[in-house]
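The values are calculated or read from the model by the stated rules, or taken from the named source; none is laboratory data. Owing to the predicted nature of the structure, the values given are computational and were not obtained by experimental measurement. Please note: Cβ atoms are built from the backbone with ideal geometry, for glycine as well, and neighbour counts cover all protein chains shown.
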């Protein structure tokens with residue numbers, strides 16, 4: 001039996017509104033963070049006293065380790081609280097911290113402060129990932145789960161690829177500080193996509 005290419009799904013026309021706005025929020029957020037990715041190591045080596053490539057590597061490791069070690073306890077807490085509202089507010093609160101963290105890079109002056117910032121970013125992300133996954137799982141159409149996840153990752157990858165290429169150009173032309181402000185602004189604006197989600201959340205029996 002022939003299957004048509006689900007263009008409506010690809011352009012988010014035939015998905016649950018909760019899924020649509022979750023994807024749009026992540027596209028905007030990861031697009032913003034993509035601007036910062038290519039220039040992070042340059043920032044560490046040029047703007048932090050004592051900053052080296054090794055420091056940049058340790059900072060990245062601290063973020064990943066913190067996220068990894070905190071994620072399971074965070075997910076267990078999210079699952080323990082009944083209903084979708086807690087998933088939603090953990091997501092919103094965590095993303096608020098994630099989107100504000102880049103501003104702290106402008107205040108960082110030594111590796112220790114950078115490491116703390118990366119720890120904070122990892123801890124916040126540890127709450128956003130399982131809460132996002134929980135909401136996505138609850139509202140995705142079971143018959144199109146594979147397609148919807150495929151569309152999500154495709155759009156995120158395209159967005160990050162585009163902004164990664166732009167990030168270095170912007171840093172060279174307008175400066176690192178203005179790129180940080182741009183990243184933060186786009187990240188905070190992306191949270192507007194969470195507003196239409198709240199009324200669509202179902203009440204789950206405890």
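Structure notes:
- Selection count where residues are modelled with pLDDT of 85 or more and either more than 21 Å from the chain's Cα centre (by Cα) or closer than 19 Å to residue 105 by Cα (or both), scope segment 178-200: 12
- Matching residues, segment 124-144, being surrounded by fewer than 13 Cβ atoms within 10 Å (Cβ to Cβ) and either in contact (Cβ under 8 Å) with a residue 12 or more places away in the chain or over 23 Å from residue 71 (Cα atoms) (or both): 142, 143
- Subset of segment 74-112 (residues that are touching a residue at least 60 places away in the same chain (Cβ under 8 Å), farther than 23 Å from residue 31 by Cβ and surrounded by fewer than 19 Cβ atoms within 10 Å (Cβ to Cβ)): 82, 83, 85, 109, 110
- Looking at 106, 121, just one residue is out of contact with any strand residue (DSSP E or B) (no Cβ under 6 Å at 6 or more places or on another chain), at pLDDT 85 or above, within 25 Å of residue 94 (Cβ to Cβ) and not in a loop (DSSP other than H, G, I, E, B), and that residue is 121.
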